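The values are calculated or read from the model by the stated rules, or taken from the named source; none is laboratory data. What you see is a predicted model, and the numbers here were worked out from it, not measured in a lab. Here the Cβ is made from the backbone with ideal geometry for all residues, glycine too, and neighbour counts use every protein chain on show. Ligands, DNA and RNA are excluded from the accessible area calculation, which covers all protein heavy atoms including side chains. Shrake-Rupley method; radii C 1.70, N 1.55, O 1.52, S 1.80 Å.
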Amino acid sequence: MHTLKRIWQRHRHGDGPFSHMFELPTDPDELVAIDCETTGLDVRRAELVSVAAVPISHGRVRAGAALNLHVQAPASLDATSIRIHRLRPVDLREGGDVRRVLEQLLAFIDNRPLVGWCLSFDLAILNRYTKDLFGFELPNRCIELSSLYQKRLRHRQPEQMADLRFEQVAADLGVPVMGRHSARGDATTAALMYTRLVEKG
């Protein structure tokens, strides 16, 4: 997020119920990997189906402390998206309404930096909702894993073109792909990728 926009949002919401989001993190080694599953790839229309957040604390992935939330089946849920994330209406029967789900997510991620794969997509979806429901976009610092991986590859093997397929990068880093196209699985894999990239420098 642009610095001026972050300052403006802090000025407007810094005393509100989400003021914690706008404070500077106290521990730089606390991060959160996130992932969303949606009903499509059009960030203007796709609806949220599930979202997960996996804490990373001082280089350790705390998968057991992950937040994994489902949303009540949205109107646009169809066979095409179900084939990807495998969440049917019956699987979302216990899901929360999107406002409650996002309140839980914001309380969980707090002001910690966010890590993710193709994070701009997830942020576009989440920001569309948070802007509409709460009046702001996520102010958290963000770390895009594909950029981090490319930077590492350019440094170590400048002649090699990066293969940026999720599974290929995970394999190159020696990270198991866990529950592909599930929010919790992809967020956990992303968290492991981040720790491996940081370890390897």
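Determine which member of the set R128, R112, R99 is among the charged types (D, E, K, R), modelled with pLDDT of 95 or more and part of a loop (DSSP other than H, G, I, E, B). Steps first, answer last, please.
Values: R128 fails: part of a loop (DSSP other than H, G, I, E, B); R99 fails: part of a loop (DSSP other than H, G, I, E, B).
Being among the charged types (D, E, K, R), modelled with pLDDT of 95 or more and part of a loop (DSSP other than H, G, I, E, B) holds for just one of R128, R112, R99, which is R112.
For H70, are the conditions met, namely being touching a Gly at 6+ places or on another chain (Cβ under 7 Å) and open to solvent by 20 Å² or more (accessible area, probe 1.4 Å)? Taking the combined requirement at face value, the residue satisfies it.
Within region 33-64, how many residues are outside any strand (DSSP E or B) and either farther than 16 Å from G185 by Cβ or aromatic (F, W, Y) (or both)? Give the steps one after another, and end with the answer.
Step one: filter region 33-64 for residues outside any strand (DSSP E or B), giving 39-47, 58-59, 62-64.
Remaining after also requiring either farther than 16 Å from G185 by Cβ or aromatic (F, W, Y) (or both): 39-47, 58-59.
Residues meeting the conditions: 11.
The set of residues in region 104-117 that are touching an Asp or Glu at 6+ places or on another chain (Cβ under 8 Å) and open to solvent by 10 Å² or more (accessible area, probe 1.4 Å) comprises N111, R112, W117.
Taking region 131-160 as the range and being touching a Leu at 6+ places or on another chain (Cβ under 9 Å), more than 26 Å from R45 (Cβ to Cβ) and assigned to a loop (DSSP other than H, G, I, E, B) as the test, the residues that pass are R141, Q160. Only residues that are among the aliphatic types (A, V, I, L, M), over 26 Å from R10 (Cβ atoms) and surrounded by 12 or more Cβ atoms within 10 Å (Cβ to Cβ) were counted in region 125-165, giving 5. The set of residues from region 80-103 being of a type in the set (A, V, I, L, M), open to solvent by less than 60 Å² (accessible area, probe 1.4 Å) and more than 15 Å from the chain's Cα centre (by Cα) comprises I82, L87, L92, V98. Cβ-Cβ distances below 9 Å connect the following pairs, each with a first residue in region 150-161 that is more than 20 Å from Y194 (Cα to Cα), a second residue that is modelled with pLDDT of 80 or more and open to solvent by 70 Å² or more (accessible area, probe 1.4 Å), and a separation of six or more residues or different chains: Q160/R154.
Hey, can you tell me all the residues within region 1-27 that are open to solvent by 100 Å² or more (accessible area, probe 1.4 Å) and in contact (Cβ under 8 Å) with a residue 24 or more places away in the chain? Please lay out each step first, then the result.
Initial filter on region 1-27 (open to solvent by 100 Å² or more (accessible area, probe 1.4 Å)): 2, 4, 8, 11-12, 15, 17, 23-24, 26.
Those that are open to solvent by 100 Å² or more (accessible area, probe 1.4 Å) and in contact (Cβ under 8 Å) with a residue 24 or more places away in the chain: R12, E23, L24.
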